[in-house]
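Visitor: Could you have a look at this structure, given as structure tokens, before my questions?
The values are calculated or read from the model by the stated rules, or taken from the named source; none is laboratory data. In this text the structure is predicted, and so the values were computed from the model without any measurement. Cβ placement follows ideal geometry from the backbone for every residue including glycine, while neighbour counts extend to all protein chains displayed.
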Amino acid sequence: MTQHKQGPEEGLPQHIAIIMDGNGRWATARGLSRSEGHKAGSRAVRTIVTRCRELGVTHLTLYAFSQENWGRPKTEIGFLFDLLVSFLRDELPAMERENIRLSVFGDISALPLTSRKALEHAMSRTANNSALHLNLALNYSGRADIVQACRKLAAADTKPEDITEQTISDNLWTAGHPDPDLVIRTSGEIRLSNFLLYQSAYSEFYFTDIQWPDFGSEELDAALATFRSRSRRFGRTEEQKGS
């Protein structure tokens with residue numbers, strides 16, 4: 001990550017969420033191991049974080065590990081969490097310098113101890129930063145997110161009439177963060193895969209065949225150009241939106 005100080009550009013989404021798909025297929029197509037694909041994917045993360053910081057995007061959420069991903073081979077899972085620890089160690093100085101705050105969406109209690117410690121350390125060190133909120137969705141499930149929010153409300157003896165969209169939002173893992181304006185998915189798949197289900201009710205979607213390791217600044221800019229071209233009416237007519 002390099003240093004950038006300019007403000008946000010007009011028409012940008014406040015919150016971009018990305019389903020980073022295609023590391024394995026990228027590696028297989030090149031005769032490489034899946035581990036090499038994940039390494040290349042981590043380099044793409046650096047590029048996109050830097051570009052978002054440069055443009056002035058204030059929230060970026062990356063789908064890093066779903067609850068369903070526990071079904072992958074144990075060796076691959078172990079490598080992914082080792083890679084996470086290395087990424088946090090290497091990028092923490094830049095996050096501190098660039099005023100980037102790290103948060104996690106998901107249940108991190110099931111993560112390896114070294115990963116949890118690295119995450120807790122990075123979150124503590126960046127807790128007062130505010131220019132870019134970098135959120136990692138780890139051991140995340142959109143359905144589980146809704147369930148745990150409902151359990152919190154039930155445990156607090158919330159009356160049925162007091163349960164609203166806002167009270168549910170306030171108890172999701174994403175509480176305190178705006179809903180994503182733009183959800184991007186790479187590598188040709190056209191589905192949410194249990195990602196930010198409640199929060200994406202009015203998000204714009206951008207799907208691309210480009211695999212995540214090849215998704216760079218130009219590709220992000222293309223997604224943002226598409227976003228700018230759309231009219232977000234939130235259920236209203238175009239005339240109502242303009243009034």
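Visitor: Return the residues of region 198-232 that are more than 20 Å from Thr47 (Cα to Cα) and part of a loop (DSSP other than H, G, I, E, B); say none if nothing qualifies.
Guide: Residues satisfying the conditions are Tyr198, Gln199, Ser200, Ala201, Tyr202, Ser203, Arg230, Ser231, Arg232.
Visitor: For Thr61, only one of the following conditions fails: (1) more than 16 Å from Asn139 (Cβ to Cβ); (2) of a type in the set (Val, Ile, Thr); (3) in contact (Cβ under 8 Å) with a residue 40 or more places away in the chain. What is its number?
Guide: (1)
Visitor: Okay, next question. Can you tell me which residue is nearest to Leu84 (Cα to Cα) among those in region 51-71 that are of a type outside the set (A, V, I, L, M) and in contact with a helix residue (DSSP H, G or I) (Cβ under 8 Å, 6 or more places away or on another chain)? Steps first, answer last, please.
Guide: Within region 51-71, the first condition is being of a type outside the set (A, V, I, L, M), and the residues that meet it are 51-54, 56, 58-59, 61, 63, 65-71.
From the residues that got through so far, the ones that are in contact with a helix residue (DSSP H, G or I) (Cβ under 8 Å, 6 or more places away or on another chain) too are 51-52, 65, 67, 69-70.
Numbers: Arg51: 20, Cys52: 20, Phe65: 10, Gln67: 16, Asn69: 15, Trp70: 15 Å.
Ranking the qualifying residues of region 51-71, first place goes to Phe65.
Visitor: With the requirement that a residue be farther than 17 Å from Ala137 by Cα and in contact (Cβ under 8 Å) with a residue 12 or more places away in the chain, what does region 93-113 give you?
Guide: Residues satisfying the conditions are Ala94, Met95, Glu96, Arg97, Glu98, Asn99.
Visitor: Taking the stated definitions as given, is Asp90 without any contact (Cβ under 8 Å) to a residue 24 or more places away in the chain and either within 26 Å of Ser33 (Cα to Cα) or surrounded by 16 or more Cβ atoms within 10 Å (Cβ to Cβ) (or both)? First the steps, then the outcome.
Guide: Values: without any contact (Cβ under 8 Å) to a residue 24 or more places away in the chain: yes; either within 26 Å of Ser33 (Cα to Cα) or surrounded by 16 or more Cβ atoms within 10 Å (Cβ to Cβ) (or both): yes.
Here the answer is yes, as Asp90 does meet what is asked.
Visitor: Looking at Arg143, Arg191, Arg185, can you tell me which residue is charged (D, E, K, R), out of contact with any Pro (no Cβ under 7 Å at 6 or more places or on another chain), buried (at least 16 other Cβ atoms within 10 Å of the Cβ) and at pLDDT 95 or above? Working first, answer last.
Guide: On the way: Arg143 fails: buried (at least 16 other Cβ atoms within 10 Å of the Cβ); Arg191 fails: buried (at least 16 other Cβ atoms within 10 Å of the Cβ).
Criteria check complete, one pass: Arg185.
Visitor: Tell me the residue from Phe79, Phe105, Phe87 that is over 19 Å from the mean Cα position of the chain (by Cα), aromatic (Phe, Trp, Tyr) and at pLDDT 95 or above, please.
Guide: Values: Phe105 fails: over 19 Å from the mean Cα position of the chain (by Cα); Phe87 fails: over 19 Å from the mean Cα position of the chain (by Cα).
Exactly one residue qualifies, and that residue is Phe79.
Visitor: Now for a different question. Taking region 10-60, which residues are among the aliphatic types (A, V, I, L, M) and closer than 17 Å to Glu76 by Cα? Full working, then the answer.
Guide: Step one: list which residues in region 10-60 are among the aliphatic types (A, V, I, L, M), which gives 12, 16-20, 27, 29, 32, 40, 44-45, 48-49, 55, 57, 60.
Listed by number, the residues that qualify are Met20, Ala27, Leu32, Ala40.
Visitor: Assess whether Glu36 counts as being free of Cβ contacts under 8 Å to residues at least 12 places away in the same chain and in contact with a helix residue (DSSP H, G or I) (Cβ under 7 Å, 6 or more places away or on another chain).
Guide: Taking the combined requirement at face value, the residue satisfies it.
Visitor: For Leu196, which of the numbered conditions (1) within 17 Å of the chain's Cα centre (by Cα); (2) within 30 Å of Ile210 (Cα to Cα); (3) surrounded by fewer than 16 Cβ atoms within 10 Å (Cβ to Cβ) fails to hold?
Guide: With respect to (1) within 17 Å of the chain's Cα centre (by Cα); (2) within 30 Å of Ile210 (Cα to Cα); (3) surrounded by fewer than 16 Cβ atoms within 10 Å (Cβ to Cβ), Leu196 is out only on (3).
Visitor: When you check Ala137 against the structure, is it under 21 Å from Ser42 (Cα atoms), surrounded by 12 or more Cβ atoms within 10 Å (Cβ to Cβ) and of a type outside the set (Ser, Thr, Tyr), yes or no? First the steps, then the outcome.
Guide: Numbers: under 21 Å from Ser42 (Cα atoms): yes; surrounded by 12 or more Cβ atoms within 10 Å (Cβ to Cβ): yes; of a type outside the set (Ser, Thr, Tyr): yes.
Yes.
Visitor: Any residue in region 148-169 that is farther than 24 Å from Ile108 by Cα sitting within a Cβ distance under 8 Å of a residue that is surrounded by 11 or more Cβ atoms within 10 Å (Cβ to Cβ) and aliphatic (A, V, I, L, M)? List the pairs, counting only those 6 or more apart or interchain.
Guide: Listed pairs, sorted by first residue: Ile163/Leu153.
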